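Heads up, the thing below is written out as structure tokens.
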Amino acid sequence: MLLLILKMAAAEGGGKELNEIKTQFNTREGVYKLLTHSEYSRPNRVPFNSQGSNPVKVSFVNVNDQSGNGDRICFNVGRELYFYIYKGVRKAADLSKPIDKRIYKGTQPTCHDFNHLTATADSVSLLVGFSAGQVQLIDPIKKETSKLFNEERLIDKSRVTCVKWVPGLERLFLVAHSSGNMYLYNVENTCGTTAPHYQLLKQGKNYSVHTCKSKSTRNPLLKWTVGEGALNEFAFSPDGKFLACVSQDGFLRVFNFDAVELHGTMKSYFGGLLCMCWSPDGKYIVAGGEDDLVTVWSFVDCRVIARGHGHKSWVSVVAFDHYTTSVEDADPMEFSGSDEDFQGQIHFGRDRANSTQSRLSKCNSTDSRTVHTTYRFGSVGQDTQLCLWDLTEDILFPHLPLSRTRTHTNVMNATSPPAGGGVAGDIVNNVSNNPSTNDSGANTPSNSLSSPLPRSNSLPHSPAMTANNKSSAIASGVSKFATLSLHDRKEQHQETDHKRNHSMGHISSKSSDKLNMLTKSRTDPAKTLGTLLCPRMEDLPLLEPLICKKIAHERLTVLIFLEDCIVTACQEGVIWTWARPGKVGLSSQKQAVSPSGTII
């Protein structure tokens, strides 16, 4: 009887420990610690009722302040938007002094993004997307509102799910909506007083791209219709030339942004995909969603190479840690090529520079032949848990049949993949009525499955499947672009086995625009399962998280890796700073009270 009581007490204690909110965790590099004085939230830490509210999101920018404290943070909580000096691990957060605070009526902020190219200590450009479909351009330092796009909701009436500046450009930005559409805007163009009319520019498997048909230049410049249901997130590759997006239909789709062509696809195990991110070198994409998994997809081979299971509910955010990732001492992957190599592109003027954020830290080693490759990424979910994962050589470069191991073995050095992609560019303000046209050829990976995957835990060695494409010039519909040449390629690829698959979490689009209508062919998920689009679980290595810790009471919505800390946030509207090992340098400071805000 006594033994039974002791067992019950132990079990109860273990349950409490599992439900305990963690304030620190250990990894191979040391201890990460939660800095309680570096919490950012609504002033006075007023409790927030998250029911019916959009997810809390966080954006950072560095304004190169001469004081050495140039980091700025923006976050949305319900109808409110806050802009603070971010002091990170150095000093305690002072919630009494927001640089800007805005409260919106009749709509809620859903997402935001800073223009890092134009940011200075005196001015920053911040895009804010809203639940009613509008996009606002504001300067929170000057406390100015520059422009409101889609003000009358003539372009799209659905919620804005993601907004980002086009990398390397000062005027262009891309907006995704829950209708399944994306729109390319120029900040200097108006949106017009009538609903836009479109004409088809490019169409492919389950996507189409239209230009705006108008006598005068107006927004949007381009309209993308992708898949079925909401477009939940998109992100540009580190070099800015490729665009990856995840949809409620469960598909990851990767496009050559300049060529407006599909590069590759991947299907979730089931349900919608909610989030994705690129590796720092652009070789891999990690996606997460309603299947509770993280899925690693190879950009070069256009195939799934691993899945990770650690979450108990939907995965809401995935992100690579650029500062812990280490690769072999070799030249980084290059997507660029000569103009002759990559024709059939949209030339937007000047080339975009490669992102400096794509640089990887190098592993120190006395023997270059034993330098190893490890990608670190993290994920947070609606289960309130933070997971950290290591993607190692035994997964990246399998050469022998693997047992379903969780250990990190060093197999071989990585090799640089072949170059691919398109010529980067820019849309400029002057309108050209004579877009140039010329023939081109390019290689686009295909998802056709030539043979079934072996039922083993190792990945087969198969080269990326490609198909040759010939391009033909588009005669009309491009007069709105300066120095713009668009080419419509007639794709000559094998037909894939899969067709449109209806996700368990499918949200149908309510748009009545007939141009949005794509061929709606659906099949049983079993016809997708077991193909390159969606390999079976037993055919892939299964990753286990390095750590999996409960760090909040509400679902987690933010995960950002900074140089000296990790930033997370939950739906309660609290943003936490986790100091990296050896980076705790916080000076204690009293929390202060709330200021007044601006009602908008």
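The values are calculated or read from the model by the stated rules, or taken from the named source; none is laboratory data. Model, not experiment: these values are computed from the prediction. Don't worry about glycine lacking a Cβ; one is built from the backbone with ideal geometry, like all the others, and counts go over all protein chains shown. With ligands, DNA and RNA removed, areas are computed over all heavy atoms of the protein, side chains included. Shrake-Rupley method; radii C 1.70, N 1.55, O 1.52, S 1.80 Å.
Karplus couplings for the stretch 35-41 from phi (6.51 cos²θ - 1.76 cosθ + 1.60, θ = phi - 60°), rounded to Hz, Gly and Pro as x?
Computed from phi, the couplings for the stretch 35-41 are 9, 5, 7, 9, 7, 10, 6 Hz.
Expressed in nm², what is the orientationally averaged projection area of the convex hull enclosing the Cα positions of the stretch 41-126? Before the final figure, lay out each step's value.
Values: hull surface 24.6 nm².
Projected area, direction-averaged: 6.1 nm².
Going by a ≥ b ≥ c, the root eigenvalues of the Cα gyration tensor, does the stretch 131-280 fall in the rounded group (a/c under 1.5), the prolate group (a/b larger than b/c) or the oblate group? Please list the in-between numbers first.
On the way: a/c = 1.59, a/b = 1.37, b/c = 1.15.
Cα axes put the stretch 131-280 in the prolate bin.
Hey, if we sort T190, T27 by accessible area with the 1.4 Å probe, largest down, what's the order?
Values: T190 90, T27 25 Å².
Final ranking, largest accessible area leading: T190, T27.
Can you give me the solvent accessible area of K105 with a 1.4 Å probe, rounded to the nearest 10 Å²?
140
Can you list the HN-Hα couplings for the stretch 220-225, worked out from phi with the Karplus curve (6.51, -1.76, 1.60; θ = phi - 60°), rounded to whole Hz and with x for Gly and Pro?
Listing the rounded values in order: x, 6, 9, 10, 9, 10 Hz.
Skipping prolines and chain starts, which residues have an amide H placed within reach, meaning under 5 Å, of the one on L546, given they are 5 or more residues away or on another chain?
For L546, the qualifying residues are L388, W389, D390.
Quick one: Cα centre-to-centre distance for the stretch 146-167 and the stretch 68-114, in angstrom?
The stretch 146-167 and the stretch 68-114 have Cα centres spaced 20 Å from each other.
May I ask you to evaluate 6.51 cos²θ - 1.76 cosθ + 1.60, the Karplus curve with θ = phi - 60°, for each residue of the stretch 161-177 and list the ³J(HN,Hα) values in order in whole Hz, giving x for glycine and proline?
Listing the rounded values in order: 9, 7, 9, 8, 5, 5, x, x, 10, 8, 10, 9, 9, 10, 10, 10, 10 Hz.
When all protein chains stay in place, what accessible area (Å², nearest 10, 1.4 Å probe) is found for K87?
Looks like 40 Å² after rounding.
Order these peptides, 383-394, 563-574, by their mean beta-carbon neighbour count within 10 angstrom, highest first.
Values: 383-394: 22.2, 563-574: 20.6.
Taking the mean over residues of other Cβ atoms within 10 Å, the ranking is 383-394, 563-574.
Sequence-distant or interchain residues sharing an amide H contact under 5 Å with S316, placed H: which?
V380, G381, Q382
Just in the stretch 120-190: which GluC sites (Glu not before Pro) are loop by DSSP and have at most 16 other Cβ atoms within 10 Å? Let's see the in-between values first.
Working: sites: E144, E151, E152, E170, E188; in loops: E151, E152, E170, E188.
Filter output for the stretch 120-190: E151, E152, E170, E188.
Can you send over the solvent-accessible area of H116, 1.4 Å probe, protein chains only, in Å² to the nearest 10?
Only protein atoms counted, so the area is about 100 Å².
Could you list which residues have their amide H under 5 Å from that of V166, counting only those 5 or more apart in sequence or on another chain, with H placed in the peptide plane?
Amide H to amide H, under 5 Å and 5 or more residues apart or across chains, V166 pairs with L172, F173, L174.
How would S298, S67, S131 rank on accessible area, largest to smallest, probe 1.4 Å?
Numbers: S298 5, S67 90, S131 40 Å².
Correct descending sequence by accessible area is S67, S131, S298.
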